[in-house]
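The values are calculated or read from the model by the stated rules, or taken from the named source; none is laboratory data. Note that the structure is a prediction, hence the values are computed from the model and not measured. Counting neighbours? That spans all protein chains shown, and the Cβs are built from the backbone with ideal geometry, glycine included. Only protein heavy atoms, including side chains, enter the accessible area calculation; ligands, DNA and RNA are left aside. Shrake-Rupley method; radii C 1.70, N 1.55, O 1.52, S 1.80 Å.
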Amino acid sequence: MHPTPLLSLNHIQLTRAGRCLINDLSGQLYPGDALTLIGPNGVGKSSFLRLIAGLCPPTQGTLTRTANIAWLGTDNALKPTLTVEQNLRLFTPHPITALHEALTHLALTPLLNCPVRLLSYGQKRRVGLARLLLTNAPLWLLDEPTHGLDAQSLALFNTIIATHRAQGGCVMAASHNPLLLPHSHILTLGTAIHNITPAPLSSRLHIAPLLPQHIHEGPKHPVHPFLHHLRREFWLALSHRRDGIAGLGFLIICCMLFALALGPAPARLQQVGPVILWVCLLLASLLPLERLYNADAEDGSLDLLRMRLAPAFIALGKIISHWVTSSLPLLLITPLMALFFQLSLSSLPRLILSMTLGSLTLAFLGGMTAAITLGARQNSLLLPILTLPLMAPSLIFGTLSCTTPPGPANHATLSLLAAFFLLSVPLCPFIAGLSLRDAQS
Ligand SMILES: Nc1ncnc2c1ncn2[C@@H]1O[C@H](COP(=O)(O)OP(=O)(O)OP(=O)(O)O)[C@@H](O)[C@H]1O
């Protein structure tokens with residue numbers, strides 16, 4: 001029986017920025033195969049890999065993958081403040097034995113507890129390669145995988161590639177070195193006709209034609225990828241506690257300054273207090289939004305997330321974790337802040353309910369605008385300019401709900417506030433997802 005191809009390309013065309021990079025490319029890759037993409041700078045090697053990874057759609061043609069993919073881009077998708085072990089556990093929790101095995105294969109065991117910011121370029125690349133071993137995905141897509149590696153690391157790289165192929169895996173790599181992967185098909189980009197040059201027959205004979213059931217897929221993850229994503233986001237937010245502390249500091253100082261400026265006039269303080277609290281919460285919650293997608297986009301993690309989850313779910317996970325780690329602590333200290341404005345105890349439940357609804361709406365709107373402005377220069381300016389006007393209706397009804405006496409009018413303002421929130425729940429992650437997809441492709 002003939003093995004099933006892991007990847008089939010059928011008359012693929014790829015155009016970027018109006019330039020045709022690939023035209024009418026067809027071919028298949030089977031278990032054990034390797035393909036090296038070569039060609040001068042800017043010819044489309046990375047773009048082609050992104051196309052195979054599903055990060056960039058073909059202009060024409062169809063692509064069929066029968067195997068999961070593992071991705072190593074030009075960035076290693078590593079968080080500088082986390083250790084090697086924490087970075088490797090960030091995307092998927094692996095059994096400790098698998099992790100140690102991967103680290104041993106890449107001679108990284110002594111660096112297990114070292115923060116990634118202290119590693120050299122080549123050591124970071126080796127951590128990126130270790131992540132490949134942990135994915136258990138049969139199809140590896142590698143962009144300049146050996147960049148920065150010394151002779152010893154190159155030998156380790158060759159060993160893991162050979163082992164992966166012998167186990168029925170398949171490797172596709174962009175490189176300026178056509179000899180990077182031994183016995184590899186070669187695809188030279190930048191020529192008028194793109195053909196995959198087959199590897200020499202003799203070199204392919206020693207690769208056993210493994211059947212798909214022989215592909216090493218490893219254990220399936222027990223928890224849904226969205227829960228992994230949420231877990232990762234909470235973990236990262238906790239490791240960036242400074243952002244949360246900055247928001248708390250901002251809220252406390254602003255409320256204190258307003259209370260001092262207004263002076264000891266209880267009636268005035270009670271009248272404007274809820275409005276000031278509302279505005280301060282809004283501004284404090286905006287502070288960490290700029291980093292929501294930027295950090296992951298810059299280090300290549302967003303590409304890895306895209307391969308596991310639909311973009312709308314990436315946005316949803318980030319919005320939830322942003323609200324829990326940034327806005328919830330602000331809400332929890334609201335009763336204390338209310339003391340500055342001498343607000344009565346009886347007014348607190350309404351104030352907290354309206355601020356909760358408002359901060360949730362802001363998290364969803366901010367999650368959407370942060371995705372829309374991703375990649376834009378000056379996005380730290382654009383973000384509040386886009387978000388704050390969208391928040392205006394919630395701000396108006398939120399502050400009204402705190403200042404109107406209990407009754408039908410008050411219920412109406414709270415209901416409208418809740419309606420804005422409910423509207424933002426499906427709409428904002430959806431729009432954010434579209435923006436993330438566009439920003440990456
Ligand atoms: N997001 C994008 N939007 C539009 N055009 C892009 C985008 N990314 C890359 N390009 C263009 O696509 C072309 C191919 O780029 P790509 O990065 O795929 O080349 P490459 O062969 O990998 O280059 P290198 O060897 O320098 O890494 C270039 O002309 C580049 O300007």
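Here is how the numbers come out for the structure above:
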| quantity | calculated |
| --- | --- |
| Å² of accessible area per residue within the chain, as computed with a 1.4 Å probe and no ligands counted | 45 Å² |
| Three-way shape call for region 1-81 based on the alpha-carbon gyration tensor, with the a/c threshold at 1.5 | oblate |
| Given charges at Cβ of Lys, Arg, Asp, Glu: region 225-440 dipole, positive-most of L374, T413, L304 | T413 |
| Listed residues P182, P429, P145, most fluctuating in the chain (Gaussian network, C-alpha, under 10 Å) | P182 |
| Under 13 Å, Cβ to Cβ, from G44 - net charge with Lys/Arg +1 and Asp/Glu -1 | +3 |
| Carbon + sulfur, % of accessible area of the chain - ligands and nucleic acids excluded, 1.4 Å | 66 percent |
| Per-residue SASA entry for F313, accessible area with 1.4 Å probe, Å² rounded to 10 | 100 Å² |
| Cysteines without a disulfide-compatible partner [the chain; Cβ-Cβ under 4.7 Å] | C20, C56, C114, C170, C255, C402, C428 |
| Using a Förster distance of 45 Å, the FRET efficiency for S26-H240 (Cβ separation, nearest 0.05) | 0.45 |
| C-alpha long axis of helix 225-239 to longest principal axis of the chain, angle in ° | 60 degrees |
| Helix-derived mean residue ellipticity, 222 nm - over the chain, DSSP H n ≥ 4, -39500 (n - 2.57), to 500 | -18000 deg cm²/dmol |
| About the Cα centre, charge dipole magnitude for the chain (Lys/Arg +1, Asp/Glu -1 at Cβ), debye | 260 debye |
| Choice from A137, A418, A151 showing the highest fluctuation, given a GNM over the chain with Cα pairs closer than 10 Å | A151 |
| Extension gain from L262 to L328, taking 0.36 nm per residue of separation minus the Cα-Cα distance | 21.1 nm |
| By accessible area with a 1.4 Å probe, ligands and nucleic acids excluded, highest first: order of T413, T59 | T59, T413 |
| Furthest towards positive pole of dipole, A173, L339, I245, structure part the chain, Cβ charges | L339 |
| C20 - accessible surface, heavy atoms, 1.4 Å probe, Å² rounded to 10 | 70 Å² |
| Relative contact order of the chain, defined on C-alpha pairs under 8 angstrom at six or more residues apart (%) | 17 percent |
| Among F157, Q270, W71 - extreme Cα towards positive end, dipole of the chain, charges at beta-carbon | Q270 |
| The chain shape via C-alpha gyration tensor axes, a/c threshold 1.5 | prolate |
| Probe 1.4 Å, all protein chains present, accessible-area order of R242, R232, largest first | R242, R232 |
| Under 13 Å from the Cα of K124 - aspartates and glutamates, other chains or at least 8 residues apart | D75, E85, D150, D299 |
| Region 225-440, relative contact order in percent, only Cα pairs under 8 angstrom and at least six apart counted | 28 percent |
| C-alpha long axis of helix 241-262 to longest principal axis of the chain, angle in ° | 20 degrees |
| Among L236, L88, L129, residue whose mean-square fluctuation peaks in a GNM of the chain (springs only between Cα atoms under 10 Å) | L236 |
| Backbone N within region 67-83 under 15 Å of label point (7 Å from A295 Cα along the Cβ vector) | 77-83 |
